[in-house]
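Undergrad: The following block contains the structure, expressed as structure tokens.
Throughout, read-outs are computed from the coordinates displayed, never taken from laboratory work. Because the structure is predicted, anything quoted here is derived from the model rather than measured. FYI the Cβ positions are ideal-geometry reconstructions off the backbone, even for glycines, and counts take in every protein chain you see.
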Amino acid sequence: MTSAPIRLWDFHGGIHPEQNKRQSTQEPSAQARMPAMLTLPLHQHIGAAAEPIVEVGETVLKGQKIASANGYVSAPVHAPTSGKIVDIGDYPIPHPSGLSALSIVIETDGRDEWTSYAAEQDYTETNPSHLRNIIREAGVVGLGGAGFPAFIKLNPGSQKKIKTLIINGVECEPYITCDDMLMREDPQSIIEGIRIMRHALQAERCVIAIEDNKPEAYESICKAASGVEGVNVALVPTRYPQGSEKQLVKVITGKEVPSNGLALDVGVVCHNVSTAAAIYRAIRLGQPLISRMVTITGKGVKRPRNLEVLFGTPMDELLAQCDVEADQIERLIMGGPMMGFALHDTNLPVIKTTNCIIAATREELGVERPVMPCIRCGACADVCPVKLLPQQLYWYSRAKELDKVQEYDLFDCIECGCCSYVCPSNIPLVQFYRFAKGAIWTQEQEQKKAAQARQRHEFHQMRIEREKQEREARRAKKKASRPRATAPKAPPVDGAKIADKMRDEAINQRESAAAARKAEIQAALARVQAKKSASPKPAQSPDKTQKSAITKKDNPTSTHDDDQQVQ
Ligand code: SF4
Ligand code: SF4
């Protein structure tokens, strides 16, 4: 059974490396053996590391949450089986840096006993935001290799209308076949997961994209999707890196995702087929993400195949299960040969982003060819799917001209390795780009730190100044309120008493002045009387004498003629 053909578009560049997929699809997938110990790093995804919520010595059940998401972009971690927590500490992790990170170690008890869980029987009756929360709590992240928390991509916001949900079954990188085997063996889980995602996104339509080098997977998915309304299956011509999100959006919808933009910006959401199956298990079975399909391949194993592996399982146990020839392994790679990275140890744990382990032999890797000067042939630009200028990026990265390299859109580079693959001078171009990106991030971190330090210093100075001013203000206030040491103590002021005193003084002054005047007048009268008595008495008319007497009697202080006469 095949799906009705849908229109496809083309993307720029790309290459056709040797596939090397057939080796690991010769037998059905199987369950990996339960190891004695599981080591679970708390950082298995994009975003902040989870925080442990268990303690050493605690017994846990399969599916029990042992570490909580720490922030919005983060994912919880669950116990992949029942057992006992024997350690929480730093352990080596599968990362290009080769560093260690905080991990929880479980000693498995072999009972594989599940914790109780609740399933959503009818998701169509469930609010999309509740569905997203279940997916988040189940620790589901993108299983295509990136590990971005899945619930975030299912939350486009009320402003964004999703027209197309693309389910990525392309798996374009050589050697990797885990998605291929899942599509062949369990297509129903994928289709059920797609139904849930469409409901959560309210997406108009869904297209499942599968490369034409996976005919069995295509047939299987077409059969499962038959009759499901709004779901189409697209068989796309095999070309690397078609599985990269921006390239796949172009192929399926004809739309270009803008530089520094997201598929969401053109009304598209992309999820991997394995993520769809994990979402189905989280919603319909109530099971968190505790395992995944992993391709174990390369000429270093005699029995390359796909295994369903519990997270935390040591890789060397998987290699043993695939009949490894340890002495033949030249390089152990996690991921594919194009975008994967070399591991420093075989005893590292499988995590959520481990889709493939390649035990590569010397023969497989080929003779290491010497690096030659760039001959400016332009082959790298011809194959770049992002239409960058890899040669210029190389020059500026090499010269550490970090501003220039950004002008040439370094951060649009998806590190697909097409340019390095075709370079006749064998220049490891992608390594230069990774170096430049790392240098820019370091520079930005340092600038950020310097800005924070400057801010802290300014704040410190402001605080010192403020404290100084406050001290001075306190001192001035204290000084003003303190009595002066040399000044006599002022008696308490009584206004009423002062007023009485002033009034008494005024009365006294007036009375003294009156008494003085009276005394003067009496003295003057006495002198006049004395004069009169001493001189012979002239003959006076009785009228005049009477008049004079009347005048003195009526006005003794008068200054008129009579008074002048007195003087
Ligand atoms: S392919 Fe290699 S040699 Fe040719 S231009 Fe690009 S970097 Fe230079
Ligand atoms: S690695 Fe970067 S520059 Fe090179 S082809 Fe891919 S996207 Fe272009």
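Undergrad: Rounded to the nearest 20 debye, what is the charge dipole size of segment 22-363 about its Cα centre when +1 sits on each Lys and Arg Cβ and -1 on each Asp and Glu Cβ?
TA: 1000
Undergrad: Ranking Ser68, Ser420, Ser158, Ser97 by Cβ neighbours within 10 Å, fewest first, what do you get?
TA: By the 10 Å Cβ count, ascending: Ser158, Ser97, Ser68, Ser420.
Undergrad: Using only the alpha carbons of segment 206-301, determine the length spanned along each of the three principal axes and report them from longest to shortest in whole angstroms.
TA: 39, 38, 30
Undergrad: Now, a different point. How large is the Kirkwood hydrodynamic radius of segment 374-462, in angstrom, based on all distinct alpha carbon pairs?
TA: 14.3
Undergrad: What residues qualify as long-range amide H neighbours of Cys270, i.e. H under 5 Å apart, gap of 5 or more or another chain, H built at 1.01 Å from N?
TA: Correct list: Ile166.
Undergrad: Additional query: Quick one: which of Lys153/Lys302; Lys352/Lys437; Lys214/Lys250; Lys160/Lys449; Lys163/Lys223; Lys302/Lys387 span more than 29 angstrom between C-alpha atoms?
TA: Working: Lys153/Lys302 39 Å; Lys352/Lys437 25 Å; Lys214/Lys250 21 Å; Lys160/Lys449 35 Å; Lys163/Lys223 24 Å; Lys302/Lys387 40 Å.
Result: Lys153/Lys302; Lys160/Lys449; Lys302/Lys387 exceed 29 Å.
Undergrad: Give me the percent of DSSP beta bridges within segment 276-428 that run antiparallel, rounded to the nearest 5.
TA: Here the antiparallel bridges make up roughly 85 percent for segment 276-428.
Undergrad: A further question follows. For Trp114, list long-range residues whose amide hydrogen, built 1.01 Å from N in the peptide plane, is under 5 Å from its own amide hydrogen.
TA: Correct list: Lys62.
Undergrad: Further question on the same structure: Among all the aspartates and glutamates, which ones have a C-alpha under 19 Å from Lys84's C-alpha, if same-chain residues fewer than 8 places away are not counted?
TA: List returned: Glu51, Glu55, Glu58, Glu107, Asp109, Asp112, Glu113.
Undergrad: What span do the alpha-carbon atoms of segment 189-236 cover on each of the three principal axes, reported in whole Å from largest to smallest?
TA: Rounded to whole Å, the extents work out to 31, 18, 15 Å.
Undergrad: What share of all Cα pairs of segment 82-197, in percent, falls into each consecutive 10 Å distance bin?
TA: 9, 27, 34, 25, 4
Undergrad: When we measure straight from the Cα of Lys161, which aspartates and glutamates land under 15 angstrom away, once same-chain ones fewer than 8 places off are left out?
TA: Glu204, Asp265
Undergrad: Please give me the summed charge of the neighbours of Gln19: other residues whose Cβ is under 15 Å from its Cβ, Lys and Arg +1, Asp and Glu -1.
TA: -4
Undergrad: Tell me the label-point distance for the pair Glu55, Trp395, using the 7 Å Cα-to-Cβ offset, in nm and rounded to one decimal.
TA: About 6.3 nm separates the two model spin labels.
Undergrad: If the chain were replaced by its equivalent ellipsoid, with semi-axes equal to the square roots of 5 times the Cα gyration tensor eigenvalues, what would those be, largest first, whole Å?
TA: Gyration-tensor ellipsoid for the chain: 105, 29, 27 Å.
Undergrad: Output the relative contact order of segment 374-462, whole-number percent, from Cα pairs under 8 angstrom with separation of 6+ residues. Working shown, then result.
TA: Details: 75 pairs, mean separation 24.9, N = 89.
Normalised by residue count, the contact order of segment 374-462 is 28 percent.
Undergrad: For the peptides 14-26, 293-305, 451-463, what is the packing order when you average, over each peptide's residues, the other Cβ atoms within 10 Å and list the highest mean first?
TA: Values: 14-26: 16.2, 293-305: 23.2, 451-463: 10.0.
Ranking the peptides 14-26, 293-305, 451-463 by packing returns 293-305, 14-26, 451-463.
Undergrad: Sticking with this structure for a sec: Output ³J(HN,Hα) for segment 39-50: one whole-Hz value per residue in order, computed from phi by the Karplus curve 6.51 cos²θ - 1.76 cosθ + 1.60 with θ = phi - 60°, and x for Gly and Pro.
TA: With the stated coefficients, segment 39-50 comes to 10, 10, x, 7, 10, 10, 8, 6, x, 6, 5, 6 Hz.
Undergrad: Where both residues lie in the chain, what percent of DSSP beta bridges are antiparallel, nearest 5?
TA: 60
Undergrad: Here's a follow-up. Given the rule -39500 (n - 2.57) for each run of at least 4 DSSP H residues, summed and divided by the residues of the chain, what is its mean residue ellipticity at 222 nm, to the nearest 500 deg cm²/dmol?
TA: Computed ellipticity for the chain at 222 nm equals -12000 deg cm²/dmol.
Undergrad: Between beta-carbons, use under 12 Å as the cut-off and find the net charge around Ile162, counting Lys and Arg +1, Asp and Glu -1.
TA: My count for the surroundings of Ile162 gives +4.
Undergrad: Over segment 136-218, calculate the relative contact order: mean separation of alpha carbon pairs under 8 Å at least 6 apart, over the residue count, as a percent.
TA: 35
Undergrad: Arrange the following residues from fewest to most other Cβ atoms within 10 Å of their Cβ: Ser129, Ser291.
TA: Listing Ser129, Ser291 from fewest to most nearby Cβ atoms yields Ser129, Ser291.
Undergrad: Pull up all non-local amide H partners of Val236: gap of 5 or more, or a different chain, and H-to-H distance under 5 Å with H placed in the peptide plane.
TA: Ile210, Glu211, Asp212
Undergrad: Over the chain, what is the relative contact order in percent, taking alpha-carbon pairs closer than 8 angstrom and at least six residues apart? If you can, show how the numbers build up before the last one.
TA: Values: 1021 pairs, mean separation 85.6, N = 567.
Across the chain, relative contact order equals 15 percent.
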